[in-house]
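Reviewing the structure listed below.
The values are calculated or read from the model by the stated rules, or taken from the named source; none is laboratory data. Just so you know, these numbers come straight off a predicted model, no measurement behind them. Note that we place each Cβ from the backbone using ideal geometry, even for glycine, and neighbour counts take in every protein chain shown.
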Amino acid sequence: MIHALFALLLAFQPAAAPTIPAPATPTVYGYRVVATYPHDPQAFTQGLVYLGGIFYESTGLEGRSTIRRVRIADGHVLQSVPIPPGNFGEGIVDWGDQIVSITWQGGIGFRWDRRTLRQIGEWHYRGEGWGLTRNDADIIMSDGTADLRFLDPATLSERRRITVTVRGRPVTALNELEWVNGEIWANIWHTGYIARIDPATGNVTGIVDLRPLAAENAGDEDNVLNGIAYDPAGDRIFVTGKNWAHLYEIDLEPRPQSAVE
């Protein structure tokens, strides 16, 4: 379980193989809220992308899944289109003039025109779909396990994968993703944590503890932290969650590991 994993981490337990040097213990970060924005409390957020001064957001639940464009200042939904019937929407990512989306258990994803949100294609994959992000060369996908798949953006075929670990132990339930300054940030499902991941090794180099923010927005047990967006030009980080009434811009604040339970 992930809580036990982080307890293990913070207790400074050795790696399983004593002859191999253990990866460094991740830095633990708290946060400061810089700004608070309205967010649709009926949006079961599965993916969040900052692009061109607005958010692109995907929402889940079968029969209610959408791809939408959202104004930041007031949370107004500028445009919303349904995901094809029978699909439970999950993460999204931008690539060129397209938005690429995945679904939970259907093994099917979709391509959308970024400007019109018109569906322009579909693609297939094995296993579940949870989160998406990208670097300059790959689309990166989570599937609820400890693995991250690196996909060819043109064909969406898998090029390689990494296993995400903390001190040598796999971190499962990787959910919504974001690429931030050369790192992959991943929501850890049903926790208030975001893992900062080295994309070359899969090592977790940092843990962002957003549990107090998640507690402020607690309601239904499914209303979990799940949404990270990054504005590279402004160096701004945004977070939200499923059915949360607010979206937050945050700054990180390193703090002693002893402060994390």
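Structural remarks
Residue by residue, here is whether (1) on the phi < 0 side of the Ramachandran plot; (2) more than 18 Å from the chain's Cα centre (by Cα) holds:
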| residue | (1), (2) |
| --- | --- |
| GLU90 | yes, no |
| SER101 | yes, no |
| GLU122 | yes, yes |
| ILE139 | yes, no |
| ARG149 | yes, no |
| GLY168 | no, yes |
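- Subset tally (residues that are of a type in the set (Asp, Glu) and modelled with pLDDT of 95 or more) for region 184-227: 2
- Summed over region 62-91, residues that are among the aliphatic types (A, V, I, L, M), part of a loop (DSSP other than H, G, I, E, B) and over 26 Å from GLY107 (Cβ atoms) total 2.
- Condition broken by GLY168, with the remaining ones in (1) surrounded by fewer than 18 Cβ atoms within 10 Å (Cβ to Cβ); (2) at pLDDT below 95; (3) within 22 Å of ASN226 (Cβ to Cβ) satisfied: (3)
- All told, GLY206 falls short of being surrounded by fewer than 20 Cβ atoms within 10 Å (Cβ to Cβ), under 21 Å from GLY144 (Cβ atoms) and either in contact with a helix residue (DSSP H, G or I) (Cβ under 6 Å, 6 or more places away or on another chain) or small (Gly, Ala, Ser) (or both).
- Filter pass, TRP112 being in contact with an Asp or Glu (Cβ under 6 Å, 6 or more places away or on another chain), surrounded by 15 or more Cβ atoms within 10 Å (Cβ to Cβ) and at pLDDT 95 or above: no
- Scanning region 226-244 for residues that are crowded, with 18+ Cβ neighbours inside 10 Å, out of contact with any Phe, Trp or Tyr (no Cβ under 8 Å at 6 or more places or on another chain) and not aromatic (Phe, Trp, Tyr) yields a single hit, GLY241.
Okay, residues lined up against (1) within 18 Å of ILE237 (Cβ to Cβ); (2) modelled with pLDDT of 95 or more; (3) not aromatic (Phe, Trp, Tyr):
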residue	(1), (2), (3)
PRO21	no, no, yes
VAL33	yes, yes, yes
THR45	yes, yes, yes
ARG68	no, yes, yes
GLU90	no, yes, yes
TRP95	no, yes, no
ILE102	no, yes, yes
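- Beta carbons closer than 7 Å, at least 6 apart along the sequence or on distinct chains, pair a first residue in region 149-166 that is within 17 Å of GLU178 (Cα to Cα) with a second that is hydroxyl-bearing (Ser, Thr, Tyr) for LEU151/SER157.
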